[in-house]
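The values are calculated or read from the model by the stated rules, or taken from the named source; none is laboratory data. Computed from a predicted model, the values in this text were never measured in an experiment. Because the Cβ atoms are built from the backbone with ideal geometry, glycine has one as well, and the counts that use them run over all protein chains shown. Ligands, DNA and RNA are excluded from the accessible area calculation, which covers all protein heavy atoms including side chains. Shrake-Rupley method; radii C 1.70, N 1.55, O 1.52, S 1.80 Å.
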Amino acid sequence: MSCFPLRRLLALVALVFLSTLPVASSCAAAAAGLYLEVLDLDEAAALLRVRPEVVRELAEAQRIPARRVGDTWRFSRAALLEWLKDGQFTGALHALPAPPSNLDQAEALAGELPALRARGVAPESSTRLAQAAPDTRPLASSPPPPTVGERPATPTAEEIALRDQRVLLKRGAATVDFGVSYSYSEQTLLNLERVEQRTVGSIATVRYGLLDDLQLNFRVPGTWSRTATYIGSNSPQVTRDDYTGDTALSLLGVASREAAGRPNIIWSLDAVLPTGPGDQGVGGGLVFSKSYDPAVIFAGFSYLYGLEIDPADSRRSLAKNNFGFNLGYTYALNDALAVSTLFVGTYRNASSPDGTSIPPPRERYQLQLGTTWMLARSLFIEPAVTMRLGSASPEFVFSLNFTYSF
């Protein structure tokens, strides 16, 4: 009988000890996270001594330095401490509406710091970590560096590679593209006739941000071609042609922003204006993209209805109904270099040029391999090679595009 109270006492002590283990382990994990250079949402909340929901809303409102990596947020410990000390964050704080009530705790924390320092007092964790962090403030004669964790002021190679696929310009921003290409194709008919075509093309594109997430594109192509036709052993018949293509005009907007379980969606309204050979059409499309850092995959489809077409004119490529789709990915090696792969398919219900001869191919599939490289601030170069798939005759295109961002 005397052992029964002792057993109950030992069992009670063991229960109390075990119940404290989760709390101790979580506190230890939070404390360890405070000294990491890169923090997740819970660790950043522990550093600021606020709830994780508050930190998430501050990050989504761009009120604290943060970066989205896939579907999660990451924070620089040094940048958060610098924000607490001096408020050196260039996010659009003044342009945002009044914050929700659940942000008051974080704002009160930042607002009380000057008064606490004046009395020689500061929050315990912030003071200890701020003293341990190296002093990275610039000299008075040098311009201040960007806060760690902020979005780069200039576009990255990934953003340039994904323009029109995932990234649209902000209001008032503009980019100018100029590209040149060389293509070669060969076709043999019944072992009696061989046609070789060499084409040099150019395209100029201007993109302008009308509003945030609303962009206008304007494209003007040009073509210089040389076609050699061999019949038997006779000398080739050579024809040359050069012309400016029809202008393309597009309006793009964001239909949905990427979130957990939801892709980024961009819509477009497209038009072909008869400024060259005379094609004219209207249509639209959608592009879906999803990020899996450091890669982004995307897929899109489009439709263009030909208002004015002429199958007899070899310079005009528009049919009555034109369908297109693409699938690809972009992989960012760093901010200055990205590689991409793109598969493109088109279908046109093309008809015979004269009503009796064989119509041109209706389906066309191509594979493009490209690189986007930052040459200098706001200046990018994009070499690419495109190969036609599913054709017995060789056909390839080498292209080089230059992009400058304003």
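Of 306, 278, 406, which is farthest along the charge dipole of the stretch 258-406 in the positive direction, counting Lys and Arg as +1 and Asp and Glu as -1 at C-beta?
306
Distance in nm between label sites at residue 371 and residue 212, each 7 Å beyond Cα in the beta-carbon direction?
Reported label-point gap for residue 371 and residue 212 is 3.6 nm.
Expressed in nm to one decimal, what extension gain is obtained for the pair residue 321 and residue 267 from 0.36 nm per residue of sequence separation less their Cα-Cα distance?
Details: separation 54, 0.36 × 54 = 19.44 nm, distance 1.94 nm.
Net length gain for the segment: 17.5 nm.
Give me, ordered by chain and number, the residues 5 or more places off residue 276 or on other chains with an amide H under 5 Å from its own placed amide H.
Long-range HN contacts for residue 276: 246, 247.
Going 7 Å from the Cα of residue 331 along its beta-carbon direction, which residues of the stretch 373-406 have the amide nitrogen within less than 16 Å of the resulting point?
373
List the lysines whose Cα sits under 27 Å from the Cα of residue 170, skipping any in the same chain fewer than 8 residues away.
Once the sequence-local lysines are set aside, what remains near residue 170 is 290.
Subtract the Cα-Cα distance of residue 36 and residue 224 from 0.36 nm times their separation in residues, and report this length gain in nm to one decimal. Provide the component values of the computation, followed by the final result.
Values: separation 188, 0.36 × 188 = 67.68 nm, distance 5.84 nm.
Answer, rounded to one decimal: 61.8 nm.
If you average the sequence gap of Cα pairs under 8 Å that are 6 or more apart and divide by the length of the stretch 206-257, what percent do you get for the contact order? Let's see the in-between values first.
Numbers: 78 pairs, mean separation 21.3, N = 52.
That works out to 41 percent.
For an R0 of 30 angstrom, estimate the FRET efficiency from the Cβ-Cβ distance between residue 240 and residue 204 and round to the nearest 0.05.
That gives a FRET efficiency of 0.85.
Using a 1.4 Å probe and ignoring any ligands, DNA or RNA, find the accessible area of residue 82 and quote it in Å² to the nearest 10.
20 Å²
For residue 67, what residues show an amide H to amide H distance below 5 Å, using hydrogens built from the backbone and excluding near sequence neighbours?
74
Would you mind calculating the gained length between residue 297 and residue 187 on full extension (0.36 nm times residue separation, minus the Cα-Cα distance), in nm to one decimal?
Working it through step by step, the gained length comes to 36.2 nm.
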